[in-house]
Amino acid sequence: SQQGEEDPQALSIQEGENATMNCSYKTSINNLQWYRQNSGRGLVHLILIRSNEREKHSGRLRVTLDTSKKSSSLLITASRAADTASYFCATASPGGTSYGKLTFGQGTILTVHP
Amino acid sequence: EADIYQTPRYLVIGTGKKITLECSQTMGHDKMYWYQQDPGMELHLIHYSYGVNSTEKGDLSSESTVSRIRTEHFPLTLESARPSHTSQYLCASSEWAGGNEQYFGPGTRLTVT
């Protein structure tokens, strides 16, 4: 079963604009992470937000987490052409046999036009 | 840049061949993972390991097998490749079992003809 679902599936914006991606999940989590994947490459970790945190910043990235709604959003401000990539959310299970494993969403394809 | 390596990067092979995808990391991480990803789709965990001599099957059933004889090495083997195995295989590692960030290798794109 799919834990994380992301929307939109694809987003196309102009350089300088902000990009917002959303992620929803179904079960309780230990933390939620966002990753970036350039075409045909491995994933790169962007930011981690714990279940007891509501907002986190890292450079041009801002992540929010609403555990009551089981949702998170990733905001990239002042986007650049180099931000063009797929973005995935991943949830970490709180414990039990799934402890430490990540479950990935379907991803959002972001295209930033120069 | 993560110190995790995968070879080969690309592999085209005929049906029935045995293949081994290599994954090595130099970060001393105990936890390692193999994911399968079809183009434009989410990652599916197929195997993971919490340390030497520890291997577990992931959420997606796979005909592949793995071994973990050394901390830094986590190879994946397909005894008899089939066209349905065509996919990208991503290896990752993480520092400890608390859901910490995972470091990914560049992936192996496998095509079985």
With every protein chain present, what is the per residue accessible area of the range B:18-113 (1.4 Å probe, Å²)?
42 Å²
What shape does the range B:8-47 have by the C-alpha gyration tensor, where a ≥ b ≥ c are the square roots of the eigenvalues, rounded means a/c under 1.5, and otherwise prolate means a/b greater than b/c and oblate the rest?
oblate
Evaluate E = 1/(1 + (r/R0)^6) for A:HIS113 and B:MET41, where r is the Cβ-Cβ distance and R0 equals 25 Å; express this FRET efficiency to the nearest 0.05.
0.55
Computed about the Cα centre, the charge dipole of the protein assembly as shown from +1 Lys/Arg and -1 Asp/Glu charges at the Cβ has a magnitude in debye, to the nearest 20, of 180 debye
Furthest towards positive pole of dipole, A:GLY105, A:ASN30, A:VAL44, structure part chain A, Cβ charges:
A:ASN30
Quick one: putting +1 on the C-beta of Lys and Arg, -1 on the C-beta of Asp and Glu, what dipole do you get for chain B around its Cα centre, in Debye to the nearest 20?
480 debye
Dipole moment magnitude, nearest 20 debye, chain A about Cα centre, only Lys, Arg, Asp, Glu C-beta charged:
320 debye
In chain B, what percent of the accessible surface is made up of carbon and sulfur (1.4 Å probe, ligands and nucleic acids excluded)?
51 percent
Sequence of A:GLU53, A:GLU17, B:GLU79 when ordered by accessible area, the most exposed leading, probe 1.4 angstrom
B:GLU79, A:GLU17, A:GLU53
Measure out, as a whole number of angstrom, how far apart the alpha-carbon centroids of the range A:51-88 and the range B:27-87 sit.
28 Å
Accessible area buried at the B-A interface, both sides summed, 1.4 Å probe (Å², nearest 100)
1900 Å²
Over the Cα atoms of chain A, what Rg and Dmax result, in angstrom?
13.6, 46
Accessible surface, chain A, averaged per residue in Å² (probe 1.4 Å)
46 Å²
For A:ASN30, list long-range residues whose amide hydrogen, built 1.01 Å from N in the peptide plane, is under 5 Å from its own amide hydrogen.
A:ALA92, A:SER93
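The values are calculated or read from the model by the stated rules, or taken from the named source; none is laboratory data. Remember, predicted model here, so these are calculated numbers, not experimental data. So basically every Cβ, Gly included, is an ideal-geometry build from the backbone, and we count neighbours across all protein chains shown. Areas reflect the complete protein model, heavy atoms only, side chains present, ligands, DNA and RNA absent. Shrake-Rupley method; radii C 1.70, N 1.55, O 1.52, S 1.80 Å.
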